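The values are calculated or read from the model by the stated rules, or taken from the named source; none is laboratory data. Note that the structure is predicted; figures quoted are calculated from it, not measured. Positions of Cβ are generated from backbone atoms using ideal geometry, with glycine treated the same way; all protein chains shown enter the neighbour counts.
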Amino acid sequence: MGFLEDYTHTLNPYGGCAFGCSYCYVKGMPVAAFREEAWGAWVDVKQGADELLRRELARAAAKGPVRIFMSSSTDPYQPAEYREQVTRSLLEAMAEAPPDFLLVQTRSPLVTRDIDLLLRLGSRVRVSMTVETDLDTVRRVFPLPRRRSPRGSRRSPGSRKQASPSRLRSRRYCPAASACRLCCGR
Ligand code: SF4
């Protein structure tokens with residue numbers, strides 16, 4: 001996974017992923033392969049992750065630059081994040097002790113809820129939004145994410161919810177799902 005070589009740490013607020021994309025590489029990994037539930041049908045909430053992160057950030061910063069990819073094996077903005085706020089608690093920890101760089105990779109417009117914390121990270125953070133297609137008619141034909149995944153139109157450049165400072169934004173258009181596997185698999 002060449003894309004991840006740019007990072008010193010990966011950060012996964014959840015185990016599993018409710019979006020359940022058919023092409024997701026994580027469902028073939030041990031964390032999912034030995035589970036007796038279908039990929040997309042389960043999500044583990046990592047309660048208390050913010051305290052662990054605070055300790056790890058202090059330890060890692062003493063050793064050198066800290067570059068974090070959130071997330072490599074889940075989407076940090078699961079539907080459960082509306083209630084659990086694990087990702088938000090991690091951003092709070094990082095706003096207090098900023099890493100050198102943080103990439104937030106998601107397909108959910110829920111990320112806009114946390115703009116206040118993302119702005120506190122300033123130039124140290126970038127938000128990347130995955131959009132396979134901007135046509136919901138195409139999305140219905142292709143077996144990409146499950147229905148719980150936000151519609152493409154909610155993640156499109158013109159979406160009101162998507163309005164955020166340009167320095168935070170990056171969009172990844174993935175017309176061919178197989179191409180996504182070449183970088184981080186998403
Ligand atoms: S590709 Fe990303 S959003 Fe889709 S199921 Fe895998 S981790 Fe979740």
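For the range 65-87, the set of residues classified as without any contact (Cβ under 8 Å) to a residue 24 or more places away in the chain and part of a helix (DSSP H, G or I) consists of R83 only.
In the range 52-64, the residue that is surrounded by the fewest Cβ atoms within 10 Å (Cβ to Cβ) out of those that are of a type in the set (D, E, K, R) and free of Cβ contacts under 8 Å to residues at least 24 places away in the same chain is K63.
Contact map, the range 98-116: residues that are at negative phi and at pLDDT below 95 paired with residues that are part of a loop (DSSP other than H, G, I, E, B) and more than 13 Å from the ligand (Cβ to nearest atom), Cβ distance under 9 Å, separation 6+ or inter-chain. Pairs shown: P109/S159.
Based on what the data block shows, is A32 touching a strand residue (DSSP E or B) at 6+ places or on another chain (Cβ under 9 Å), more than 27 Å from P99 (Cα to Cα), part of a loop (DSSP other than H, G, I, E, B) and not acidic (D, E)? When the stated conditions are applied, A32 does not pass them.
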